[in-house]
Amino acid sequence: MDQLGHVRSAAPAQGAKEGLSKAAASQKSAYARLVQKHHSGRFQSYLNHIAQKMQLEEGFSNDPSLDLDLPLRRGLVKDNPVRNGINMHSYSPVRTSHLEQPLPGFENDKTQSALNRCSLKKNAIVSQGGDLEVEEDYYVYQRGAASGLLNVSDSLGGRASTSLRHRGALQKSSGSDEREEEDMWRKKHKKRGRYPANTDTAAGHLLTEQFGEDVLAVNARKNNHLSPGRAQGAEKRGFARTRNNSESARTPQNFDRKRQLSESQTETMNNSDSRINPRQLGTPRGGSFTTVPASGDRKNLNKPTRGRKKSIFEAYASKEDVSAGLKRGELIQGPLRINPKKYHEAFIPSPDGNRDIFIDGVVARNRALNGDIVVVKLLPRDQWKVIKPDGSDKETEVTHESDVPEDMLGTCIPQETAKGDAQSPDVIIEAQFDDNDAEHGQDHLQDMLTDDIKKLSLDTGEKGKAAGVTGVHRIKQDDGPKANDPRLLPDEFLQRTAKVVYILEKKHSRAATGFIKLLADRNSELFKRCAMFSPVDHRVPRVYVPLADCPPDFVSKPEAYSQVLFICRIVDWKEDSNFASGQLCKSLGQAGEIEPESEGILTEYGVDFSDFSPEVLDCLPQNLPWVISPGELAKRRDLRKECIFTIDPSTARDLDDALSCKQLPDGNLEVGVHIADVSYFVLEETALDKVASERATSVYLVQKVIPMLPRLLCEELCSLNPMQDRLTFSVIWKLTPEGKILDEWFGRTVICSCVKLSYDHAQRMIDSPGKVLAPEELPPVAPQHSIAEIQEAVLNLHRVAQRLRKQRFTEGALHLDQMKLSFALDQESGMPQGCYIYQYRDSNRLVEEFMLLANMAVAHQIYRSFPEQAFLRRHPPPQTKLLKDLMDFCNQVGLEIDFSSAGTLHQSLSETFGADKYSRARKEVLTYMFSRPMQMALYFCTGVLDDESLFHHYALNVPFYTHFTSPIRRYADIVVHRLLSASLGARSPITMEKEAIQKQADHCNDRKMASKRVQELSADLFFSVFVRECGPLESEAMVMGVLSKAFDVLVLKFGVQKRIYCNALPLVDFRFQKAGKKPELTLLWEPEELEEESVPQVITIFTLVEVVLTADGGPLKYSALLKRPSLDK
């Protein structure tokens, strides 16, 4: 091999022309001849010839968009091979895309150890939610009777033609001989009335006649994954294609071309769905890579299979079996998380809090979608995933010695030893999913491939010959356990694997945004009835939708809709179907535009943004303007003459909290938190209550808010607008100036806010305590109260808040304040005109401290009154496995962090940042890192948890906590208000059972998580548009993770994380190593001038670099490039 990993041609050995029947004994000659054919281009020409012939006979000649060369480019390398170190002069798509296949006859080939892995390499990090996120990996499954055969079915309408792989034995033959033999074979089959249904077999027959049946048989028998019967039949051949996977690649370029291949594999096999051959992602760990038929079925292997439908997915277990299995501990339930970067990897949390349970492949996932509550069955130990020897899933390269064989790292065990109870289907179902470029996909995948090519070598030494094995990884059935068998490895080196047997609750909305296109086979019945919907989210399957749902002119002008976003809702996904079926709901508009994309985000996450119904609006007061009745005033404490004010963002319109602070004669302070009494208007069991319960939360996008309640309530009746009487629930304390609570009161009140302050107004008062602001510097103030009185109250609150905050952290609280991106929008167009990092200041902290104090006080009150029905909020401790990974990382980079508690962690972080000008940047990087192991806080009903210690809130380090202070935007707070009111005797006792309260708590948790994700995606959308419209953007960035061929940075100016790939930079070379335990990349930049030397640059954790953010090909894609360092650095 040369230094780029290309296999060099070799002169044929003596006797190389003696015939293919002696290929096994003349392996080196066969290989040399094959390499020579690849370099000459003859081999690819022959493949193109076969593809064209079969395409014409399948009736695709009328499709002008069909690319005959496309199947040959469907390997691991897809775009720009020159950029990734592949020499175009000798580049063969077939060759580079199938280097994973073994050289026939070379049992001592060193590379065989990589061939039977489920993944050749896994570089992984753990996301904040616990997902194992894979930088890039790819799966190689040895399949088919002859491992030297390659399935090139894709654009042939689902029927497979085959060709020899590039490292198989190959005999030269003239073009005329090829055509004559092919024509003879075609005529012979034509006389029988039709071609074989499985053209994979047909093409295999053709190649067998041309190149020698004995060679194919020898090669097949050498693959010990396959039975002799399978080798003889050669019916189910194929190879495992790799795909890039990314989260929300919004608008794919060349959309039709990229999707045509996998879809055309499937739609002509039968009229309802596909049953195509290879299976990379569809093979569960519970099944074997090859389907070995029963003895009675073997004689049918070569018979046509049209119309015969097989189940692709296992049928779900019955409810009774699931319930019994869960009680016995044989089954496990949990929320399914699908890796957004690798859609075939999914996880559920382990009940013991350790490493997540891994669900490998779409078949093992069994039609469950992201977020669903699933029930899984663990696979046998010998099918568990072998992980890196340090016990981590971190995305770093393992370079140290280990008892675990290096070739086992990040792999699964060959399935010949895995006798699970799940049968492997005869289909590949990777075609269900999108085929677009991932965010970091193509270039990095090519880089990985090139790197693996470099590692390939042909070891023909005496040691290999003596061994007589095809690779150290292979485990034969009759050999018994080996040293690298999971059954013999310690638990710390294993990750449990499972398969889904039941969907307990479909949490996913079953709605997705994406694109539609025509099916490739214009002659099929399916073409006349259906179109293909391809979701933007790769974790959602592709969907057949009725043509009747599509625009009227879609069939005649499909290109007009190639960049139009649609909403599709999945209605069914049968056991025997690769694709789901669904309905096209509506057209959103052009991809990349803010409003269509925003509506798509809301729909995908199940956010109800429809107008409120007349029935709901009828629940509101009809006589406007509304005034408080004298009867209601008599029931409440009247605080309208007190100096009470609100502090909110300047753009806020739903003001649900107000503050007051009054100096008492004894030197103490009376501090009040006053919250809008929304429960007065939202009565139980009304239409308004039901819709609020269902929405559960307001959803905040960059440009607008989707309210939980009608705007009349949010912005008028409940909003604590200045100089208007409003109903409130109040918590009032008597405090010492040091913040010690002397007395506490809860009750229903009436207030009249004297001024609407913004955080800016309050901050100016805090920053200039000796200066009274002028009236023109503030909004209108009620005449009963002076500006000086208001300013004194703000300053007193600030001083108390500082002491409360200090006390909280002294007692063990933890605060991880991540950077938040805000936007300046054009008033007319709504487009982003600028962006900035939101500054969290003392005025924000002032409000935060008193809201926390009120929430904790109410939590204690309702739990004392209703120990079985209290609606509280708990925060579980960090996930054990992820915290351990973080501890290991800190040790590697030399950070001394105390992880024993939330308080010690906060103290360690505060002391670690340093005092130089980049201490803030280090703080932000560490904050992101320490957010990853943290779990989400959860609402719950106290009656469903027996152990009171489980009520604990980890981050706040308090025993009881709830949400009371935002009832306009959170339904949980309305429930708490009702409980508080009942505890004070102001309403009838709570009649809801604890199970019903817990169900509402679970729903609030789901909607809060969805709202958080929508908010993040909205910010991503606007930032992508900002980069497109205003980029390129330059910024300093700090390195937060180092991989073997890439590194992650936090862009300090904008607070976004991006990955930078070495193969995208103009480098002479780069080298990954570990300095002690610290990962390090050394980059060697190409000189800008011939007389200059290459510029070295060392990349490690906390390295400060300069990056440029630029828009990519898609309208919502952008990438980060590292700026060349100057020579003086």
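The values are calculated or read from the model by the stated rules, or taken from the named source; none is laboratory data. Just so you know, these numbers come straight off a predicted model, no measurement behind them. Here the Cβ is made from the backbone with ideal geometry for all residues, glycine too, and neighbour counts use every protein chain on show.
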Within the stretch 1096-1113, can one find any residue that is without any contact (Cβ under 8 Å) to a residue 60 or more places away in the chain and surrounded by 17 or more Cβ atoms within 10 Å (Cβ to Cβ)? yes
Neighbours by Cβ (under 8 Å, 6+ apart or cross-chain): first from the stretch 331-348, buried (at least 21 other Cβ atoms within 10 Å of the Cβ); second at pLDDT below 90 and among the aromatic types (Phe, Trp, Tyr): TYR343/PHE433; HIS344/TYR139
Keeping to the stretch 931-964, report how many residues are crowded, with 22+ Cβ neighbours inside 10 Å and either charged (D, E, K, R) or in a helix (DSSP H, G or I) (or both). 1
Working only within the stretch 971-1004, note down all residues that are at positive phi and under 32 Å from the mean Cα position of the chain (by Cα). none
Can you work out which of the residues in the stretch 996-1006 that are without any contact (Cβ under 8 Å) to a residue 60 or more places away in the chain and over 13 Å from ALA696 (Cα atoms) is surrounded by the most Cβ atoms within 10 Å (Cβ to Cβ)? GLN998
Could you list, in sequence order, all residues of the stretch 648-703 that are among the hydroxyl-bearing types (Ser, Thr, Tyr) and in contact with a Ser or Thr (Cβ under 7 Å, 6 or more places away or on another chain)? SER650, SER679, THR697
Say whether the condition of being among the β-branched types (Val, Ile, Thr), more than 30 Å from ASN891 (Cβ to Cβ) and touching a Leu at 6+ places or on another chain (Cβ under 6 Å) is met by at least one residue in the stretch 1033-1052. no
Would you check if GLU525 is modelled with pLDDT under 90 and surrounded by fewer than 22 Cβ atoms within 10 Å (Cβ to Cβ)? yes
Test for PRO722: is it part of a loop (DSSP other than H, G, I, E, B) and modelled with pLDDT under 95: no
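Okay, residues lined up against (1) modelled with pLDDT of 90 or more; (2) not basic (Lys, Arg):
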{"residue": "ARG799", "(1), (2)": "yes, no"}
{"residue": "LYS806", "(1), (2)": "yes, no"}
{"residue": "LEU814", "(1), (2)": "yes, yes"}
{"residue": "ASP817", "(1), (2)": "no, yes"}
{"residue": "PHE823", "(1), (2)": "yes, yes"}
{"residue": "GLN827", "(1), (2)": "no, yes"}
{"residue": "PRO832", "(1), (2)": "yes, yes"}
{"residue": "ARG841", "(1), (2)": "yes, no"}
For the subset of the stretch 726-746 comprising residues that are in contact (Cβ under 8 Å) with a residue 12 or more places away in the chain and assigned to a loop (DSSP other than H, G, I, E, B), which member is surrounded by the fewest Cβ atoms within 10 Å (Cβ to Cβ)? GLU738
Looking at the stretch 1069-1092, is at least one residue over 27 Å from TYR918 (Cα atoms), of a type outside the set (Ser, Thr, Tyr) and either surrounded by 15 or more Cβ atoms within 10 Å (Cβ to Cβ) or at pLDDT 95 or above (or both)? no
SER988 being surrounded by fewer than 24 Cβ atoms within 10 Å (Cβ to Cβ), over 30 Å from LYS1117 (Cβ atoms) and not basic (Lys, Arg): yes
Search result, residues across the stretch 532-575 that are aliphatic (A, V, I, L, M), without any contact (Cβ under 8 Å) to a residue 24 or more places away in the chain and in a strand (DSSP E or B): none
For the stretch 643-690, give me the residue count where each residue is of a type in the set (A, V, I, L, M) and out of contact with any Asp or Glu (no Cβ under 8 Å at 6 or more places or on another chain). 8
Within the stretch 1013-1033, does at least one residue satisfy the condition of being in a loop (DSSP other than H, G, I, E, B), touching a residue at least 60 places away in the same chain (Cβ under 8 Å) and of a type outside the set (D, E, K, R)? yes
Residue list for the stretch 820-850, filter: in a loop (DSSP other than H, G, I, E, B) and either in contact with a Cys (Cβ under 9 Å, 6 or more places away or on another chain) or more than 17 Å from TYR759 (Cβ to Cβ) (or both): ASP826, GLN827, GLU828, SER829, GLY830, MET831
The residue from MET1009, MET992 that alone is assigned to a loop (DSSP other than H, G, I, E, B), among the hydrophobic types (A, V, I, L, M, F, W, C) and in contact (Cβ under 8 Å) with a residue 40 or more places away in the chain is MET992
Out of (1) touching a Cys at 6+ places or on another chain (Cβ under 8 Å); (2) within 18 Å of VAL362 (Cβ to Cβ), what's the single condition that is false for PHE566? (2)
Answer with yes or no whether LEU895 is part of a loop (DSSP other than H, G, I, E, B) and either free of Cβ contacts under 8 Å to residues at least 40 places away in the same chain or farther than 30 Å from HIS798 by Cβ (or both). yes
Quick check on the stretch 753-804: of everything there that is in contact with an Asp or Glu (Cβ under 9 Å, 6 or more places away or on another chain) and basic (Lys, Arg), which residue is nearest to ASP657 (Cα to Cα)? LYS756
Of all helices (runs of 4 or more DSSP H) completely enclosed by the stretch 588-654, which ones contain at least 3 residues that are among the acidic types (Asp, Glu) and either loosely packed, with under 14 Cβ neighbours inside 10 Å or in contact (Cβ under 8 Å) with a residue 60 or more places away in the chain (or both)? 594-604
Of the criteria (1) exposed (fewer than 15 other Cβ atoms within 10 Å of the Cβ); (2) farther than 23 Å from CYS714 by Cβ; (3) modelled with pLDDT of 95 or more, which one GLU670 fails: (1)
Which residues, taken from the stretch 759-791, are part of a loop (DSSP other than H, G, I, E, B) and either in contact with a Lys or Arg (Cβ under 7 Å, 6 or more places away or on another chain) or touching a residue at least 60 places away in the same chain (Cβ under 8 Å) (or both)? LEU773, PRO779, ALA782, GLN784, HIS785
Based on this model, can you work out whether LEU547 counts as closer than 19 Å to GLY1114 by Cβ and of a type in the set (A, V, I, L, M, F, W, C)? no
